[in-house]
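Have a look at the structure below, then the notes.
The values are calculated or read from the model by the stated rules, or taken from the named source; none is laboratory data. Note that the structure is a prediction, hence the values are computed from the model and not measured. Here the Cβ positions follow ideal geometry from the backbone for every residue, glycine too, while neighbour counts run over all protein chains shown.
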Ligand code: ATP
Ligand code: MG
């Protein structure tokens, strides 16, 4: 298969982990007979330095022409004091908007070899493998009016939770589709006992369910979902939820797995095909350029990209298995190693994963 991938290495450790990820993709291409074309774009701090903007127009253009986008990380202390429009993060927000990314996917998986890295008990973690699907375009984040005003008793403040039925249906459909490719269980998270938007959310899920007879749909109130995530995370397969609930639950779920150096994410575009994949971690300026960064989160993001945007599930499984095997062998970067254990560098763990693949 012939695929175009827009590669945005970004700042800090971004270029290091993305460099390793491309080396891994080259092995995937060779093993499975694919051709991946990489188109490099600038974004974030170095784009500000070189182009005077965190998101050059060429970057948006090349992402639009590609099958998927792979991003490292943006930002660093060098740019923290600049005016808002010259902040690296505005580049990423701008790109999300330009590509109409409407869904953020965050899988949480426990590698048996790393059970001890989590704050939860090993017996609670055994077999956890869940995916949170968060709506990104609507809800309290963007609704209007949003204002402070003076009312009869003084200050009043308004935020608006706004959704169109089409937005709700789009994200729920994605939840069903993803559940179908996994263990066939979809948990729709809402607050239907209080919110009108949640009642429409629930009705829409019920209306769609007959179209997905192979998926078992469960509704859960968000407060209960927050509790169940740490009480018994193994019960979940795919969780789908609105913007703010998803923001909170995905950070909560991230803590289940242990190191930030392990967590992948993907955001999907309106066509359901173009997606942007990136590790959850930031640019980690404290370890940049020192061959210390853990590239596994980026590898797992590549696996998501292969599975979700490039339609290559077998290749995705192979990448995930290679990562699991290398961890099983005791190979650890600094963020995962216990005191006294050998510490592998970015390039060294990269070579181990390629060999394993
Ligand atoms: P951002 O605002 O971009 O999210 P941040 O400052 O909140 O960035 P990170 O850049 O993710 O956070 O760094 C937080 C800590 O985690 C740092 O000490 C960093 O060294 C460490 N860290 C982040 N990513 C990795 C990684 N891939 N491997 C090892 N350590 C990492
Ligand atoms: Mg951060």
Number of the exception - residue 206 against (1) under 19 Å from residue 268 (Cα atoms); (2) touching a strand residue (DSSP E or B) at 6+ places or on another chain (Cβ under 9 Å); (3) at pLDDT 95 or above | (1)
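Taking the condition of being within 17 Å of residue 304 (Cβ to Cβ) and within 14 Å of ligand 1 (Cβ to nearest atom), how many residues in the range 15-26 meet it?
Total meeting the criteria: 4.
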Tell me, please, whether a residue that is assigned to a loop (DSSP other than H, G, I, E, B), within 11 Å of ligand 1 (Cβ to nearest atom), assigned by TED's automatic domain parsing to the domain that holds residue 14 and at pLDDT below 95 can be found in the range 311-328.
-> no
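Considering each of 6, 54, 29 in turn, give the residue that is more than 16 Å from ligand 1 (Cβ to nearest atom), touching a helix residue (DSSP H, G or I) at 6+ places or on another chain (Cβ under 8 Å) and assigned by TED's automatic domain parsing to the domain that holds residue 304.
On the way: 54 fails: more than 16 Å from ligand 1 (Cβ to nearest atom); 29 fails: touching a helix residue (DSSP H, G or I) at 6+ places or on another chain (Cβ under 8 Å).
Within the list 6, 54, 29, the selection yields 6.
Here is a yes/no grid of residues against (1) surrounded by 15 or more Cβ atoms within 10 Å (Cβ to Cβ); (2) part of a helix (DSSP H, G or I):
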| site | (1), (2) |
| --- | --- |
| 6 | yes, no |
| 28 | yes, yes |
| 46 | yes, yes |
| 50 | no, yes |
Does the range 68-86 contain any residue that is away from ligand 1 (no atom under 16 Å from the Cβ) and modelled with pLDDT of 95 or more?
-> yes
Which ones in the range 32-44 are surrounded by fewer than 17 Cβ atoms within 10 Å (Cβ to Cβ) and either within 22 Å of the chain's Cα centre (by Cα) or outside the structural domain of residue 14 (by TED's automatic domain parsing) (or both)?
-> 38, 40
Checked against (1) in a loop (DSSP other than H, G, I, E, B); (2) away from ligand 1 (no atom under 14 Å from the Cβ); (3) over 24 Å from residue 92 (Cβ atoms), residue 291 satisfies every condition except (2)
Tally, over the range 220-255, of residues that are touching a residue at least 60 places away in the same chain (Cβ under 8 Å), under 15 Å from the mean Cα position of the chain (by Cα) and either assigned to a helix (DSSP H, G or I) or over 16 Å from residue 171 (Cβ atoms) (or both) | 8
Please state which of the following conditions residue 265 fails to meet, knowing it meets all the rest: (1) closer than 17 Å to residue 75 by Cβ; (2) more than 9 Å from ligand 1 (Cβ to nearest atom); (3) buried (at least 24 other Cβ atoms within 10 Å of the Cβ).
-> (3)
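Can you tell me how many residues within the range 93-115 are within 21 Å of residue 322 (Cα to Cα), in contact (Cβ under 8 Å) with a residue 24 or more places away in the chain and not in a strand (DSSP E or B)?
5
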Just wondering, is there one or more residues in the range 200-219 that are within 16 Å of ligand 1 (Cβ to nearest atom) and in a helix (DSSP H, G or I)?
-> no
